[in-house]
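Notes to accompany the following structure.
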Amino acid sequence: MKKSRILWILGMILTVFLSLGVAVSAAEEESEAESLSAEEEMAAGYTIGVSVYDPEDWEAIAFRDYFESYLGAAFNASFYYNAERIDTAEDEIAFVEELHEAGVKGIISFLSTYIEDVLPVCEEYGMYYILGSGTISDEVYENVKDNPYFLGTIGPTTEDEQTAGETLAENLAALDESGDASYLVVTGGSGIGNEMHRLRTVGILSKLQEIYGLTYEMTVEELAEITEVTEIETGTDVRITLLPGYLVDGSEVGEAVEGGEYTMVISAMTIANAITNICNAEEANGYDIKVGMVDCFTDQNYAFFNETDVNGDSKLNCLVGKYGAIVGPSFVAMCNAYAGYADEFRTEDGSAFRLYQTYWYAASTEEFNELYAQSISAYENTYSATDMLQVLKLYNADADYGAFQQFTEK
């Protein structure tokens, strides 16, 4: 009797241990399945959201070509773009909600203005967010850096943004033979929270002040915050009018130059859709208008530099710009997050990263054509798929934040 009871107890203990063993084994298998799911999912194909101000903008098109034609083919990835313009925080939030409903897990945004409004929504949906090519202020960064779904920002430094504006102003002022030019300065979103446009506008106004010895009635920082069309006092014969706001179709610039008042147009953002309007004004008014802007080394800008206006001058005189492949690191960061390694690609204190890239500058057709040729070959020479494999944790177990930073900032 005692013996049978002892055997029964031993049997029960063995059963419990076997059950525990099966449970542990099942848990291990489940864990392994989960760890493989990211690999399997990415191998099967995955989708990344991309938000841009205007899907028809030529810079956005250059970035899209690199994403879809090059990276999409290399890594079996697809990209979900907003179909309509995004003009407000509500517009981008609506797009995030659209992505969420479609099952998209991350968004590469090119809209720095709305980041504080959009990130809480991304966190609610468990959606990763990265500013793919842009700059935010230190204050905004401090406000958002601890959001676990905010991967970081990649783009020019604040100093580079201001230098971009200074370079445009300096190159166009060098073309002012009479020393009394009339400037139309397109400030874009400078006065409504776009830090990149603000810094460029500050750079433009500071450099013009320095070159011409201008006297402003407000600081350049205050002038950059203006949100209505304003002719500012300069204390000289040089005239400067600020044209704020995002352009819809370029007619805003066209209407401004139709009166024949401006000999220089400098823009803190792309005004590619206004070049034709400017050329029409030149023909109607009978004199040359020099044009400089921040944009991208695109096919369209190649045409503007290599085609001449009615005065025999290039349609575009100065460009501070990016190139299509510059957005490669944002793709890498998002892929690492998709694969479950987002936490391993943050700063030492666990914050979202801030990594930096520089602009290219062209102040002549020859300079543009040389850099344009480089931009075409940049897919393989700058951020190639082969190089990306070294900083993608899914393919290289030794990949870490330091290697990614070096890859991005090279």
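The values are calculated or read from the model by the stated rules, or taken from the named source; none is laboratory data. Predicted model only: the values in this text are computed from it and were never measured. Here the Cβ positions follow ideal geometry from the backbone for every residue, glycine too, while neighbour counts run over all protein chains shown. All accessible areas refer to the heavy atoms of the entire protein, side chains included, with ligands and DNA or RNA removed. Shrake-Rupley method; radii C 1.70, N 1.55, O 1.52, S 1.80 Å.
Here are the numbers for the structure shown:
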quantity: Sole exception among (1) open to solvent by less than 20 Å² (accessible area, probe 1.4 Å); (2) part of a helix (DSSP H, G or I) for residue 351, by number; calculated: (2)
quantity: Residue match in region 89-109 (condition: closer than 21 Å to residue 198 by Cβ and open to solvent by 50 Å² or more (accessible area, probe 1.4 Å)); calculated: yes
quantity: Those helices (runs of 4 or more DSSP H) lying entirely in region 198-288 with at least 1 residues touching a Cys at 6+ places or on another chain (Cβ under 6 Å); calculated: none
quantity: Any hit, region 363-380, residues being at pLDDT below 95, assigned to a loop (DSSP other than H, G, I, E, B) and open to solvent by 20 Å² or more (accessible area, probe 1.4 Å); calculated: no
quantity: Residue in region 311-319 that is modelled with pLDDT of 95 or more, in a strand (DSSP E or B) and hydroxyl-bearing (Ser, Thr, Tyr) present; calculated: yes
quantity: Conditions (1) touching a residue at least 40 places away in the same chain (Cβ under 8 Å); (2) in a helix (DSSP H, G or I); (3) surrounded by fewer than 15 Cβ atoms within 10 Å (Cβ to Cβ); number of the one not met by residue 141; calculated: (3)
quantity: Residue that is surrounded by the fewest Cβ atoms within 10 Å (Cβ to Cβ) [pool: residues in region 168-178 that are at pLDDT 95 or above and out of contact with any helix residue (DSSP H, G or I) (no Cβ under 8 Å at 6 or more places or on another chain)]; calculated: 174
quantity: Qualifying residue in region 258-279 (condition: closer than 28 Å to residue 85 by Cα, of a type in the set (Asp, Glu) and within 24 Å of the chain's Cα centre (by Cα)); calculated: no
quantity: Only one of 187, 157 that is among the hydroxyl-bearing types (Ser, Thr, Tyr) and either buried (at least 21 other Cβ atoms within 10 Å of the Cβ) or within 17 Å of residue 247 (Cβ to Cβ) (or both); calculated: 187
quantity: Near pairs, Cβ below 6 angstrom, 6+ apart or cross-chain, from region 399-410 (in contact (Cβ under 8 Å) with a residue 60 or more places away in the chain) to any residue that is part of a helix (DSSP H, G or I) and surrounded by 17 or more Cβ atoms within 10 Å (Cβ to Cβ); calculated: 404/345; 408/329
quantity: Candidate set: region 223-236, residues that are out of contact with any Lys or Arg (no Cβ under 6 Å at 6 or more places or on another chain) and closer than 14 Å to residue 190 by Cα; chosen: the one surrounded by the fewest Cβ atoms within 10 Å (Cβ to Cβ); calculated: 228
quantity: Matching entry among 337, 403, 399 (being in a helix (DSSP H, G or I), open to solvent by less than 10 Å² (accessible area, probe 1.4 Å) and farther than 30 Å from residue 306 by Cβ); calculated: 337
quantity: Given (1) in contact with a strand residue (DSSP E or B) (Cβ under 9 Å, 6 or more places away or on another chain); (2) surrounded by fewer than 17 Cβ atoms within 10 Å (Cβ to Cβ), index of the condition residue 263 fails; calculated: (2)
quantity: The one condition in (1) farther than 22 Å from residue 362 by Cα; (2) touching a residue at least 40 places away in the same chain (Cβ under 8 Å); (3) in contact with a strand residue (DSSP E or B) (Cβ under 8 Å, 6 or more places away or on another chain); (4) not charged (D, E, K, R) that residue 122 fails to fulfil; calculated: (2)
quantity: In region 381-394, residue nearest to residue 318 (Cα to Cα) [restricted to those that are surrounded by 14 or more Cβ atoms within 10 Å (Cβ to Cβ) and without any contact (Cβ under 8 Å) to a residue 24 or more places away in the chain]; calculated: 384
quantity: Residue, nearest to the chain's Cα centre (by Cα), within region 203-222, restricted to residues that are buried (at least 23 other Cβ atoms within 10 Å of the Cβ) and without any contact (Cβ under 8 Å) to a residue 60 or more places away in the chain; calculated: 203
quantity: Check on residue 358, farther than 17 Å from residue 300 by Cβ, out of contact with any Pro (no Cβ under 7 Å at 6 or more places or on another chain), in a loop (DSSP other than H, G, I, E, B) and open to solvent by 10 Å² or more (accessible area, probe 1.4 Å); calculated: no
quantity: Where residue 192 falls short, out of the listed (1) at negative phi; (2) surrounded by fewer than 15 Cβ atoms within 10 Å (Cβ to Cβ); calculated: (2)
quantity: Test: residue in region 65-76 that is surrounded by fewer than 15 Cβ atoms within 10 Å (Cβ to Cβ) and among the polar types (S, T, N, Q); calculated: yes
